[in-house]
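Each remark here refers to the structure printed beneath this line.
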Amino acid sequence: MIGLVFGGGLFALCMAGAAGAQTLTEAPGGTLRWLDKITGDAADITLSRGQSEVHGRLTVQLDSCRYPIDNPASDAVAHLTILDAVMSQPLFTGWMVASSPALSAMDHARYDVWVLRCDIAESAPATTEGEGE
């Protein structure tokens, strides 16, 4: 069982049987994978927080992407809003966990969307004055 505990801009992902809760922090963006199950077309979608992109009939928006502070490469938890052009209500709105996509999956006959990772801004190496001249 997995539960989300919110508070103060951070939230914890609690897994039953785990030694404790993991503290997550917000990433500036994330990478998702989109699949058209009929045509076989697939694409990785890299979005900044709040950005959306259209693929087929779907508009995929990344609302939030969070990752464990102590192990950024271990897992991603993303909040997505997914619209289908032929539906009046959102097709999916909620959290998806990269390591357990079936836990909170989008249910669509033609399309699949799942979270791959949060994209963490890496700081550029510092340069000193006069370098590269």
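Bear in mind these aren't lab numbers, they're just calculated from the coordinates by the rules spelled out. Owing to the predicted nature of the structure, the values given are computational and were not obtained by experimental measurement. Reconstructed Cβ throughout: ideal geometry from the backbone, glycine too, with neighbour counts over all protein chains shown.
Of note:
- Of Val77, Val113, Val97, Val54, the sequence from fewest to most neighbouring Cβ atoms within 10 angstrom is Val54, Val97, Val113, Val77.
- Residue order, fewest to most surrounding Cβ atoms within 10 angstrom, among Ile120, Ile38: Ile38, Ile120
- Förster-model FRET efficiency, 22 Å R0, Asp41 and Ser74, C-beta, rounded to 0.05: 0.15
- Global geometry of region 27-119, whether rounded, prolate or oblate, following the gyration tensor of its Cα atoms and the 1.5 cut on a/c: prolate
- Neighbour counts of C-beta atoms inside 10 Å place Arg49, Arg57 in the sequence Arg57, Arg49, starting with the fewest.
- Size estimate for region 36-80 follows the Kirkwood approach: the inverse of mean 1/r over distinct Cα pairs works out to 12.2 Å.
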